[in-house]
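Trainee: Quick one: the structure is below, and I'll ask about it shortly.
Derivation of every value follows stated rules applied to the coordinates shown; laboratory data play no part. Keep in mind it's a predicted model, so treat the numbers as computed, not measured. Glycine gets a Cβ as well: all are built from the backbone with ideal geometry, and neighbour counts include every protein chain shown.
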Amino acid sequence: MLLALDVGNTNITMGVYDKEKLLNTYRITTKIPRTSDEYGILIMELLRDDNIDPGKIKGSIIASVVPAVMHSLISAVIKYVKTNPIIVGPGIKTGIRIDTPNPKEIGPDRIVDAVAAYEKYGGPILVLDFGTATTYDLVEKDGRFTVGITAPGIRISAKALWEDTAKLPEIEIVKPKSILANETISSMQAGLMYGQIGQTEYIIKQVKKETGYKDLKVVATGGLGRLIANETKAIDEYSAQLTLDGLRILYDKNR
């Protein structure tokens, strides 16, 4: 079995694979400082609660955009899961080529998503990840990663609203019944959700226009990706486990 960990700015998403089958996923808050023992005990408890024997895990892989947690997390995986994790970064075999002016600037999470999308669907393909930031990445037919667009995520925009304005409350991020809002909460929800939908549709449209790829396949992932994908025909498919699948694919290429 394989333990895959995707370390994002908000959550650490953990998945356990038996060959190509994803057995279960778990989320751990990233921003809480933890020691290696705390990470290790938490990982072991989550696995055992699902009757997954940690002793059967023979490999691990980590992609992270949060360097501060890596020492403790890597140590936890080595000590408790008894594997030396593959770390997604420069030098790793991916099956795609980062064709940008500075390839090292491309985050590991984006590389993982691009690998998964290209392996599963082929190219050209536009990969959207609705995480802390919303990213739009283009992989060409020949496997070249050529374009990366970054926008504020929905949660970042929402947080800015209620933290930087004196009278606006913290709200649930959901689509209201109508854009014609007439009170504070639905007004904020309408602005956030319809604004994100509009941004998504316009960026996809502009990418298709400037590349000439009229039939460009568009795949989305990320925590709030399903919410947006359900509201627009511009997204062809939503894949909740795209990033974890990418980690599994990279592990198989590099073990």
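Trainee: Between GLU170, GLU105, GLU237, which gets the highest mean-square fluctuation from a Gaussian network model of the chain, Cα cutoff 10 Å?
Mentor: Per the Cα network of the chain with a 10 Å cutoff, GLU105 tops the list.
Trainee: From the phi of every residue in the range 50-65, what ³J(HN,Hα) in whole Hz does the Karplus formula 6.51 cos²θ - 1.76 cosθ + 1.60 yield, where θ is phi - 60° and glycine or proline is x?
Mentor: Those phi angles translate into 9, 6, 9, 6, x, x, 8, 7, 10, x, 8, 8, 10, 10, 9, 10 Hz.
Trainee: What's the exposure ranking of ILE41, ILE154, ILE32, going from fewest to most Cβ atoms within 10 Å?
Mentor: Listed from fewest to most nearby Cβ atoms, that is ILE32, ILE41, ILE154.
Trainee: Also: Quick one: VAL174, VAL127, fewest Cβ neighbours within 10 Å first, how do they rank?
Mentor: Numbers: VAL174 11, VAL127 29.
Listed from fewest to most nearby Cβ atoms, that is VAL174, VAL127.
Trainee: Just one of (1) 42.0, 134; (2) 19.1, 56; (3) 19.2, 61 is Rg and Dmax of the Cα atoms in Å calculated from these coordinates, so which is it?
Mentor: Read-out from the structure maps to (2).
Trainee: Then there is this: For every other residue with a beta carbon closer than 13 angstrom to the beta carbon of LYS21, add +1 if it is Lys or Arg and -1 if Asp or Glu, then tell me the sum.
Mentor: Charge balance in the 13 Å sphere: -1.
Trainee: Where both residues lie in the range 40-170, what percent of DSSP beta bridges are antiparallel, nearest 5?
Mentor: Antiparallel bridges: around 75 percent, rounded to the nearest 5.
Trainee: Can I ask one more? Please rank ILE96, ILE235, fewest neighbouring Cβ atoms within 10 Å first, as an exposure proxy.
Mentor: In increasing order of surrounding Cβ atoms, one gets ILE96, ILE235.
Trainee: Skipping prolines and chain starts, which residues have an amide H placed within reach, meaning under 5 Å, of the one on ARG144, given they are 5 or more residues away or on another chain?
Mentor: Placed amide hydrogens put ARG97 under 5 Å from ARG144.
Trainee: Can you grab the distance from the C-alpha centre of the range 158-194 to the C-alpha centre of the range 62-112, Å, no decimals?
Mentor: 36
Trainee: Could you tell me which residue out of ILE185, ILE28, ALA240 lies farthest along the dipole of the chain toward its positive end? Charges go on the beta carbon: Lys and Arg +1, Asp and Glu -1, centred on the Cα centre.
Mentor: Projecting each Cα onto the dipole axis, the largest value belongs to ALA240.
Trainee: As a test of understanding, state the convex hull volume per residue of the range 2-87 from its alpha carbons, in Å³.
Mentor: Values: hull volume 7.0 nm³, N = 86.
Convex hull volume per residue, Cα atoms: 82 Å³.
Trainee: Starting from the range 1-82, pick out the GluC sites (Glu not before Pro) whose DSSP state is loop and whose Cβ has at most 15 other Cβ atoms within 10 Å.
Mentor: Details: sites: GLU20, GLU38, GLU45; in loops: GLU20.
Within the range 1-82, the qualifying GluC sites (Glu not before Pro) (loop, at most 15 other Cβ atoms within 10 Å) are GLU20.
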